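Structure, as structure tokens:
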Amino acid sequence: MNAPVVFEGIGASPKRKEDLRFLSGRGNYTDDINRPNQTYAVMLRSPHAHAAIRGINTAAAAAMPGVVAIYTGGDMVVGSLPCGWLIHNKDGSPMNEPGHPPLAQGKVRHVGDIVAVVIAETRPQARDAAEAIAVDYEVLPAATSMAAALAAGAPLLHEGAPGNVCYDWHIGDLAVNQAAFAQAKHVVEFELVNNRLIPNAMEPRAAIGDYDRTTDQHTLYTTSQNPHVIRLLMGAFVLQIPEHKLRVVAPDVGGGFGSKIFHYAEEAIVTWAAARINRPIKWTADRTESFMSDAHGRDHVTKAKLAMDEQGKFLGLHVSTTANMGAYLSTFATSVPTYLSATLLAGVYTTPTIYAEVKAVFTNTVPVDAYRGAGRPEATFLLERLVDIAAKQTGIDKLELRRRNFIPADAFPYQTPVALQYDSGDYQSTLAQALKTADWDGFEARRKAAAAQGKLRGIGISTYIEACGIAPSAVAGALGARAGLYEVGAIRVHPTGSVSVLTGTHSHGQGHETTLAQLVTDRFGIPLSQVDIVHGDTDRVPFGMGTYGSRSLAVGGSAMVKAMDKIVLKARRIAAHLMEASVDDVEFDRGTFRVAGTDKTKAWGEIALTAYVPHNYPIEEIEPGLDETAFYDPKNFTYPGGCHICEVEIDPDTGHTTVINFTAVDDVGRVINPMIVEGQVQGGIAQGIGQALLETCSYDADGQLLSGSFMDYTMPRADDVGTLSVATHETLCTHNPLGVKGCGEVGAIGSPPAVINAVVDALRDYGVTHVEMPATPAKLWHIINSGRRAAAE
Amino acid sequence: MYDFEYHKPTSVADAVKILSADSDARPISGGQTLLPALKHRLNKPTSVVDLSGIAELKGIKRDGDKIVIGAMTRHADVANSAEVKAAIPALAQLAGSIGDNQVRNRGTIGGSVSNNDPAADYPSAVLALNATIVTSKRRIAADDFFQGMFTTALDAGELLVAVEFPVPEKAGYAKMKNPASRYVMAGAFVAKTGGQVRVAINGAAACVFRQAEMEKALAASWSPAAVAGVVQPADDMNSDIHGSAEYRAHLVTVMAKRAVAAAG
């Protein structure tokens, strides 16, 4: 096989292999799959935020045309949808963990909670029948905000969670922390909200349950980021189906952003019901259902205090957060405000003592769970707003204050006071590069020019770090994770030398079919077209933990490297046999095996063929075939970081903010495909700008979702995002074989505080310390208008 | 959606016949409002009468000092019409600012005006330009046509056939879009026609309305500064998660100012 003419290995930007399929409408999504004799399910959902179910009359509905079956909570008595992370209270007791039945058992706890499933020959028939079900609700008072849920005499959601509290957790040494504050010259205090978001993947969730009674085999096709995890959670905890009788397929998936990590009720319902009716059942959410049933994100309220000495060195940080869990515990909900957020509160700074406490609260709203960045955007927003406010309060320049407190580039590995040990980073360099790209020094002139046009210009910065590449299993386990977080890679070299990679990660927009294949191209020296990535099917891929927390390359790619190591070792032994050399003397470099210091070589294809046609073969020493599997458990998290700078212009007449420029310089470790990294960071920034300026989930006091469609939920559009300048500055991860850190979430983590810092900067003449997200036109106009009034009075 | 009968008549008379015989029948023009409502099962008509096969409802023509636009004319066609651009550029600009490409390629002026969505664009132009609504049975002055939220002077079974716009001396339109839906949050269409000034405000209240104070101010002096000092009372303004009544009232003045500036 010839070496590729165009370099397609690590560092190249070949076009994405998957795009021809996606852009020409040939993707194979869950809703595209149709099984013989398939039926359709419609979920009857609660219109009330909190109600007791006094009765359900399905008689009329059951008699309607095409109806195959109707099930309610009384029919489906199975296990509870499990929570994957156990958090302990300050006193060491475990969190309150009320059950989450797939079909409501006597009570509904949020608008959208599932009361019954109707299965019919067609979807319209199922929908007609669902409308004919009479549910006798006794409407109960609802607690739809955390404040309402924590108030004295608040309606109680779960008997097992007194006061609507899930847990009251903390990290850090409070006494040490208090001592730091006692010595402080400056203390900055403030409270902020991290606004609740609705993920809105382009493809709504869908699930098909299929059952073969001749083999007792269940198959679930589902829109999931982690099919093996769904098999584990649903099989072991909800339906008691052993792994060998349960296949989970997550085919092409149109975006997830975290919302498709979790095990959802609908998956269990169609799997369970398909076996009952012995026919396949398809359920596809419409957009309205997505709004009221996909796990939401963020929704924290935080009080923070920062202690500093005279020079502005950070002495201590104290953080108290209340975090909304929604009505039930979604799969990873409990870990988000705790181990995915509070552990990031050191940021890029040398703060010696940090104490954080988190109270998690049940409310009559959709469950809240991980959404792009998951906990880290919340920590970053808090810190980077706090630093700006501290700069203003102390009179120290905001860049200087950051520089004084940065962890120096020579201080790695760096142990933070909140459990994590950063392996590498260079915050001064990413800052310097971003300041230059954004022309920070020229801003004052641009501000004046804008002011002459009646516009308010502002510039904002965020220097951030995040922890991803989730996760060392033993560490995660010690912190309460109920699963291992390794990854699996299998490298299957075919007799002609082409390669199939079976990975336990899942691609739902990230471009793994290209990036992961580049690792193989780079190592084996075969063209990208000779490598296929197989993912998303528990029957094809040995095992896996899926894709979230920017882990696919750092953990999944590292598993592939380990498997490729095994392949190369075995191939060298075969080559050594053929060339009558010692294996120690056989070198391998991108497609060629060579006896060191000689011109004796063997090509990749020859060795592959020999492995499968072992006529001249060391059969006593090694087995035929070239197919290896590796499990990789990371030694540490990875720590991407960098600097984001946002420049905005506010129209004081309307309050509308225009993003003029957004500059990102991110250290994501080694870059495999620069084009894909740029796209990932752009997408993350768009979501960060969305959170900062546009998006928010609104409930009214009765628990009705006010932002329940795109008419009222503001998704970012291209013209909201402005001009993005995305660059990278590499320091290598020191503990994984690729040196990669991860790029999937940095955009969404680093950007919101840069945007809000810019907005606050633009409003410098209006006495503003903070603006809650999203900084909508109406909100900013009220600030500007009251500022004007104050000036006039 | 629920099942319904589908009709595609080829004349206004046939369409009116079907609509008059059944009060639960609904006409569909571009479908940009009715179709989503049907898909969400928010509307359950017995019949849907598709007006797209009626040739007499389509087209734009200049008729003396008027521009006449057929009810089934798409927003994109108005936006790109040489006649409209020459005679009433503000109207072409308004049409080109509605929704997105898909909406403009399907949505029609007749559908928009008949529906009278408070956040729609066209009603402001109809009212400010003192247009005449031509229906299947009569002519209705703009001032008499828009009667409240989603309510017009059209009787059951009466179809909007065309809108006649007198060509103004000056006209301008400006709007603030709702950040989520990008419908109008507050808009102002200002026009001077035959020496008469009319200012129509859309998006901000339950129904498009004329702003008398602004008309008076502009009649006295046609300039952005003339309306800048006119305060729109917040009392009847809409209020929702996107903006308070006070904010919308403020936007009315800002948009009026910008509309005058755009008109020149």
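Which is in contact (Cβ under 8 Å) with a residue 40 or more places away in the chain and surrounded by fewer than 22 Cβ atoms within 10 Å (Cβ to Cβ), of A:ASN278, A:ASN226?
Working: A:ASN226 fails: surrounded by fewer than 22 Cβ atoms within 10 Å (Cβ to Cβ).
Answer to the check: A:ASN278.
Residues that are open to solvent by less than 60 Å² (accessible area, probe 1.4 Å) and under 30 Å from A:TYR422 (Cβ atoms): find the strands (runs of 3 or more DSSP E) completely inside segment A:585-679 holding 2 or more of those. Full working, then the answer.
Details: elements: A:586-589, A:592-595, A:601-603, A:627-632, A:641-650, A:657-667.
So the answer is A:627-632, A:641-650, A:657-667.
Scan segment B:236-262 for residues that are more than 8 Å from chain A (Cβ to nearest Cβ), among the small types (Gly, Ala, Ser) and free of Cβ contacts under 8 Å to residues at least 40 places away in the same chain and report the count.
2
Condition test on B:PRO233, is it open to solvent by 20 Å² or more (accessible area, probe 1.4 Å), away from every other protein chain (no Cβ under 14 Å), without any contact (Cβ under 8 Å) to a residue 60 or more places away in the chain and not small (Gly, Ala, Ser)?
Details: open to solvent by 20 Å² or more (accessible area, probe 1.4 Å): yes; away from every other protein chain (no Cβ under 14 Å): yes; without any contact (Cβ under 8 Å) to a residue 60 or more places away in the chain: yes; not small (Gly, Ala, Ser): yes.
Taking the combined requirement at face value, the residue satisfies it.
How many of the residues making up segment A:697-732 are open to solvent by less than 30 Å² (accessible area, probe 1.4 Å) and within 15 Å of A:ARG196 (Cβ to Cβ)?
7
Which one of the conditions (1) in the same structural domain as A:ILE389 (by TED's automatic domain parsing); (2) in contact with a helix residue (DSSP H, G or I) (Cβ under 6 Å, 6 or more places away or on another chain); (3) surrounded by fewer than 24 Cβ atoms within 10 Å (Cβ to Cβ) does A:LYS305 fail to meet, given that it meets all the rest?
Tallying (1) in the same structural domain as A:ILE389 (by TED's automatic domain parsing); (2) in contact with a helix residue (DSSP H, G or I) (Cβ under 6 Å, 6 or more places away or on another chain); (3) surrounded by fewer than 24 Cβ atoms within 10 Å (Cβ to Cβ), A:LYS305 fails exactly one: (2).
Can you list the strands (runs of 3 or more DSSP E) lying wholly within segment B:148-224 that have 1 or more residues being closer than 24 Å to B:ASN238 by Cα, basic (Lys, Arg) and touching a residue at least 60 places away in the same chain (Cβ under 8 Å)? Before the answer, list the steps.
On the way: elements: B:160-166, B:170-177, B:184-193, B:196-202.
Answer list for segment B:148-224: B:170-177, B:196-202.
Being closer than 30 Å to A:SER507 by Cα and open to solvent by 40 Å² or more (accessible area, probe 1.4 Å) is the requirement here; does A:ARG54 meet it? Step through it out loud before you land on a result.
Working: closer than 30 Å to A:SER507 by Cα: no; open to solvent by 40 Å² or more (accessible area, probe 1.4 Å): yes.
So A:ARG54 does not fit the description; no.
Would you check which residues across segment A:587-606 are touching a residue at least 40 places away in the same chain (Cβ under 8 Å) and farther than 12 Å from A:ARG572 by Cα and list them? So that I can check it myself, show each step before the final result.
Start the filter on segment A:587-606 by keeping residues that are touching a residue at least 40 places away in the same chain (Cβ under 8 Å), which leaves A:589-592, A:603-605.
The answer is A:ARG590, A:GLY605.
B:MET214 - would you say it is within 21 Å of the chain's Cα centre (by Cα) and either within 12 Å of chain A (Cβ to nearest Cβ) or surrounded by fewer than 21 Cβ atoms within 10 Å (Cβ to Cβ) (or both)?
On the way: within 21 Å of the chain's Cα centre (by Cα): yes; either within 12 Å of chain A (Cβ to nearest Cβ) or surrounded by fewer than 21 Cβ atoms within 10 Å (Cβ to Cβ) (or both): no.
Judged against the criteria, B:MET214 is not a match.
Mind counting the residues in segment A:680-717 that are within 14 Å of chain B (Cβ to nearest Cβ), in contact (Cβ under 8 Å) with a residue 40 or more places away in the chain and assigned to a loop (DSSP other than H, G, I, E, B)?
The total comes to 13.
Considering A:PRO542, A:PRO527, which residue is surrounded by fewer than 24 Cβ atoms within 10 Å (Cβ to Cβ) and touching a strand residue (DSSP E or B) at 6+ places or on another chain (Cβ under 6 Å)? Steps first, please.
Details: A:PRO527 fails: touching a strand residue (DSSP E or B) at 6+ places or on another chain (Cβ under 6 Å).
Result: A:PRO542 is the single residue among A:PRO542, A:PRO527 that is surrounded by fewer than 24 Cβ atoms within 10 Å (Cβ to Cβ) and touching a strand residue (DSSP E or B) at 6+ places or on another chain (Cβ under 6 Å).
When segment A:401-416 is examined, which residues are found to be over 19 Å from A:ALA474 (Cα atoms) and not in a helix (DSSP H, G or I)? Reasoning before the result, please.
Initially, segment A:401-416 is screened for residues over 19 Å from A:ALA474 (Cα atoms), giving A:401-414.
Of everything in segment A:401-416, those that are over 19 Å from A:ALA474 (Cα atoms) and not in a helix (DSSP H, G or I) turn out to be A:PHE406, A:ILE407, A:PRO408, A:ALA409, A:ASP410, A:ALA411, A:PHE412, A:PRO413, A:TYR414.
Quick one: in segment B:1-17, of everything that is surrounded by 14 or more Cβ atoms within 10 Å (Cβ to Cβ) and hydrophobic (A, V, I, L, M, F, W, C), which residue is farthest from the other protein chains (Cβ to nearest Cβ)? It would help to see each step written out before you state the result.
Taking segment B:1-17 first, the residues surrounded by 14 or more Cβ atoms within 10 Å (Cβ to Cβ) are B:1, B:4, B:7-9, B:12, B:14-17.
Right, trim to hydrophobic (A, V, I, L, M, F, W, C) and you get B:1, B:4, B:12, B:15-16.
Details: B:MET1: 8, B:PHE4: 12, B:VAL12: 32, B:ALA15: 27, B:VAL16: 31 Å.
That would be B:VAL12.
Please go through segment B:84-116 and give me each residue that is of a type outside the set (Gly, Ala, Ser) and within 8 Å of the chain's Cα centre (by Cα), ordered by number.
Start the filter on segment B:84-116 by keeping residues that are of a type outside the set (Gly, Ala, Ser), which leaves B:84-85, B:88-89, B:91, B:93-94, B:98, B:100-106, B:108-109, B:113, B:115-116.
The answer is B:ILE109, B:VAL113, B:ASN116.
Is it true that some residue in segment B:34-45 is in a strand (DSSP E or B), open to solvent by less than 60 Å² (accessible area, probe 1.4 Å) and modelled with pLDDT of 95 or more?
Scanning segment B:34-45, I find no residue that is in a strand (DSSP E or B), open to solvent by less than 60 Å² (accessible area, probe 1.4 Å) and modelled with pLDDT of 95 or more, so the answer is no.
If I filter segment A:59-73 for residues that are outside any strand (DSSP E or B), touching a helix residue (DSSP H, G or I) at 6+ places or on another chain (Cβ under 7 Å) and open to solvent by 50 Å² or more (accessible area, probe 1.4 Å), do I get at least one hit?
From segment A:59-73, those outside any strand (DSSP E or B) are A:59-66, A:73; that's our starting set.
Cutting the leftovers down to touching a helix residue (DSSP H, G or I) at 6+ places or on another chain (Cβ under 7 Å) gives us A:61, A:64-66.
Filter once more, so that each one left must be open to solvent by 50 Å² or more (accessible area, probe 1.4 Å): A:64-65.
Within segment A:59-73, one or more residues are outside any strand (DSSP E or B), touching a helix residue (DSSP H, G or I) at 6+ places or on another chain (Cβ under 7 Å) and open to solvent by 50 Å² or more (accessible area, probe 1.4 Å).
Identify the single condition in (1) of a type in the set (Ser, Thr, Tyr); (2) surrounded by 16 or more Cβ atoms within 10 Å (Cβ to Cβ); (3) over 30 Å from A:ASP286 (Cβ atoms) that B:SER20 does not satisfy, given that it satisfies every other one.
The number of the failed condition is (2).
Filter segment A:487-504 down to residues that are open to solvent by less than 10 Å² (accessible area, probe 1.4 Å) and over 26 Å from the mean Cα position of the chain (by Cα) and give me whichever is farthest from A:MET545 (Cα to Cα).
A:GLY497
Listed here are the residues, each with its yes/no results for (1) surrounded by fewer than 23 Cβ atoms within 10 Å (Cβ to Cβ); (2) outside the structural domain of A:ILE87 (by TED's automatic domain parsing); (3) acidic (Asp, Glu).
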| position | (1), (2), (3) |
| --- | --- |
| A:VAL117 | no, no, no |
| A:PRO124 | yes, no, no |
| A:ALA134 | yes, no, no |
| A:ALA152 | yes, yes, no |
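Kindly check whether there is at least one residue in segment B:183-195 that is over 26 Å from B:ALA79 (Cβ atoms), within 22 Å of the chain's Cα centre (by Cα) and surrounded by fewer than 23 Cβ atoms within 10 Å (Cβ to Cβ). Full working, then the answer.
Filtering segment B:183-195 down to residues over 26 Å from B:ALA79 (Cβ atoms) leaves B:195.
Now narrow it down to the ones that are within 22 Å of the chain's Cα centre (by Cα): none.
No, because not a single residue in segment B:183-195 is over 26 Å from B:ALA79 (Cβ atoms), within 22 Å of the chain's Cα centre (by Cα) and surrounded by fewer than 23 Cβ atoms within 10 Å (Cβ to Cβ).
Do the conditions hold for A:THR338, that is, is it in contact with an Asp or Glu (Cβ under 9 Å, 6 or more places away or on another chain) and either on the phi > 0 side of the Ramachandran plot or among the polar types (S, T, N, Q) (or both)?
On the way: in contact with an Asp or Glu (Cβ under 9 Å, 6 or more places away or on another chain): no; either on the phi > 0 side of the Ramachandran plot or among the polar types (S, T, N, Q) (or both): yes.
No, not satisfied.
Please go through segment A:77-92 and pick out each residue that is aliphatic (A, V, I, L, M) and surrounded by fewer than 21 Cβ atoms within 10 Å (Cβ to Cβ).
Of the residues in segment A:77-92, the ones aliphatic (A, V, I, L, M) are A:77-78, A:81, A:86-87.
Across segment A:77-92, the qualifying residues are A:VAL77, A:VAL78, A:LEU86.
Results for (1) in the same structural domain as A:THR331 (by TED's automatic domain parsing); (2) among the acidic types (Asp, Glu); (3) without any contact (Cβ under 8 Å) to a residue 24 or more places away in the chain; (4) in contact with a strand residue (DSSP E or B) (Cβ under 7 Å, 6 or more places away or on another chain), shown as yes or no for each residue.
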{"position": "A:SER429", "(1), (2), (3), (4)": "yes, no, no, no"}
{"position": "A:THR437", "(1), (2), (3), (4)": "yes, no, no, yes"}
{"position": "A:ALA445", "(1), (2), (3), (4)": "yes, no, yes, no"}
{"position": "A:ALA450", "(1), (2), (3), (4)": "yes, no, no, yes"}
{"position": "A:GLY454", "(1), (2), (3), (4)": "yes, no, no, no"}
{"position": "A:ARG457", "(1), (2), (3), (4)": "yes, no, no, yes"}
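What pairs come up if the first residue lies in segment A:189-210 and is at positive phi, the second is modelled with pLDDT of 95 or more and of a type in the set (S, T, N, Q), and their beta carbons are under 9 Å apart, counting only those six or more places apart or on different chains?
Sorted first by the residue in segment A:189-210, then by its partner, the pairs are A:ASN200/A:SER259; A:ASN200/A:SER290.
So which residues in segment A:203-223 are of a type in the set (Val, Ile, Thr) and surrounded by 24 or more Cβ atoms within 10 Å (Cβ to Cβ), if there are any at all? First the steps, then the outcome.
Narrowing segment A:203-223 to residues of a type in the set (Val, Ile, Thr): A:208, A:214-215, A:219, A:222-223.
Once the filter is applied, which keeps residues that are of a type in the set (Val, Ile, Thr) and surrounded by 24 or more Cβ atoms within 10 Å (Cβ to Cβ), segment A:203-223 yields A:ILE208, A:THR222, A:THR223.
Can you tell me which residues in segment B:120-132 are open to solvent by 20 Å² or more (accessible area, probe 1.4 Å) and assigned to a loop (DSSP other than H, G, I, E, B)?
Keep residues of segment B:120-132 that are open to solvent by 20 Å² or more (accessible area, probe 1.4 Å), which gives B:130, B:132.
Passing the criteria: only B:ASN130.
The values are calculated or read from the model by the stated rules, or taken from the named source; none is laboratory data. Since this is a predicted model, take the numbers as computed values, not measurements. Neighbour counts are summed over all protein chains in view; Cβ atoms, including those assigned to glycine, are modelled from backbone coordinates with ideal geometry. Surface accessibility is based on the protein's heavy atoms, side chains included, excluding ligands, DNA and RNA. Shrake-Rupley method; radii C 1.70, N 1.55, O 1.52, S 1.80 Å.
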